[in-house]
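Data block below; observations after.
Nothing in this text is a laboratory measurement; each read-out follows from the coordinates by a stated rule. Treat the numbers as computed from the prediction; the structure is a model and nothing was measured. Don't worry about glycine lacking a Cβ; one is built from the backbone with ideal geometry, like all the others, and counts go over all protein chains shown.
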Amino acid sequence: MSSETRSKPARKPKIAVFKFASCDGCQLSLLDAEDELLAVVGAVDIAYFPEASRAMLKGPYDIGLVEGSITTHPDAQRIQEVRRQCKTLITIGACATAGGIQALRNWKDVDEFIRVVYATPQYISTLKLSTPIAEHVPVDFELRGCPINKYQLIELITATLVGRKPNIPSYSVCIECKRKANVCIAVARGVACLGPVTQAGCGALCPGYDRGCYGCFGPMESSNTASLTNQFHILGQSPEQISRAFRGFNAWSWQFRKASEECERQ
């Protein structure tokens, strides 16, 4: 067979992993996939992943995974360059999809925080808000969680590589509770629980230990936060307590943000 007709090996898709303001937990979830990750690594070229390798291959990239929120002016500029380098951009985790726990500062005076925390505040330069990636650039898919579910991430990468819709649930944590035969702690014990408005993905971890859901995976599709707020009132929760319940890991998601601000006005 001549060199002209000899088939060339197929080029592996290039994946890059980027970090912004975050705790690195979602990137660690990818590394924690272990056996599943080995199968993915065989099909792709992980070209840029500072958390795992010193190899830094330049873009463009077929898939970009972004962890973390935008909190500084340089980050707001850098995410534009990341978007230009990535054919498909996927945000992973509550920080990237909803501003993260650091978005709690969005309701406070950031300058006051800086004065209190730092001995030399003049060296600190930050934005007033902590915002999700989608508020700065177009995003192709958002993977929720704090941290993300590693199996959902592998499913998302696999689906993206083969060009199909990822099989990521959009129903609530309550469905996971029912599947695990958990007793509903809200009904049976009067515990305030965000499960009815929170997207599945954690396996109903907290309700399984008789704790109310904290909303780690953010609002589910068509979440009825107004109805849940009324239920919280019936359970004896004050407007302040309800507002604090919605202001957790996904406080800046518009559904939870709206619910918390309505309670704050009461």
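Numerical summary
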read-out: Under 5 Å, built H, 5+ apart or other chain: amide partners of residue 131; value: 70
read-out: Gain upon complete extension [residue 187, residue 125; 0.36 nm per residue less C-alpha separation]; value: 17.6 nm
read-out: Choice from 95, 216, 206 showing the highest fluctuation, given a GNM over the chain with Cα pairs closer than 10 Å; value: 206
read-out: Fraction of antiparallel bridges per DSSP, the chain only, in percent to nearest 5; value: 25 percent
read-out: Rel. contact order, % - alpha carbon contacts under 8 angstrom, at least six apart, region 14-162; value: 29 percent
read-out: Vicinal HN-Hα couplings computed from phi for region 169-175 (Karplus, 6.51 cos²θ - 1.76 cosθ + 1.60; Hz; Gly/Pro x); value: x, 10, 7, 8, 4, 4, 5
read-out: Mean Cα-pair separation over length for the chain, i.e. relative contact order, pairs under 8 Å, 6 or more apart, %; value: 17 percent
read-out: For region 14-162: span of alpha carbons on each principal axis (Å, largest first); value: 49, 28, 27
read-out: Cα-based reach from residue 180 at 20 Å (exclusive), listing lysines while leaving out same-chain residues under 8 positions away; value: 150
read-out: Distance between region 27-66 and region 199-237 - C-alpha centres, whole angstrom; value: 33 Å
read-out: In range of the label at residue 211: residues from region 228-266 whose backbone nitrogen is under 17 Å from the point 7 Å along Cα→Cβ; value: 245-250
read-out: Bins of 10 Å from zero: percent of alpha-carbon pairs in the chain; value: 7, 26, 30, 22, 10, 2, 1, 0, 0
read-out: Point-charge dipole on Cβ atoms (K/R +1, D/E -1) for region 173-264, about Cα centre, debye to 20; value: 280 debye
read-out: Space enclosed by the convex hull of the alpha-carbon atoms of region 134-229, per residue, Å³; value: 113 Å³
read-out: Shape metrics for region 136-187, restricted to C-alpha atoms - Rg then Dmax, Å; value: 14.4, 43
read-out: In Hz, Karplus ³J(HN,Hα) per residue of region 242-253 (6.51, -1.76, 1.60; θ = phi - 60°; x = Gly, Pro); value: 5, 4, 5, 4, 7, 9, x, 5, 10, 4, 8, 5
read-out: Semi-axis lengths, Å, region 173-264, gyration tensor of Cα atoms, sqrt of 5 times eigenvalues; value: 20, 15, 10
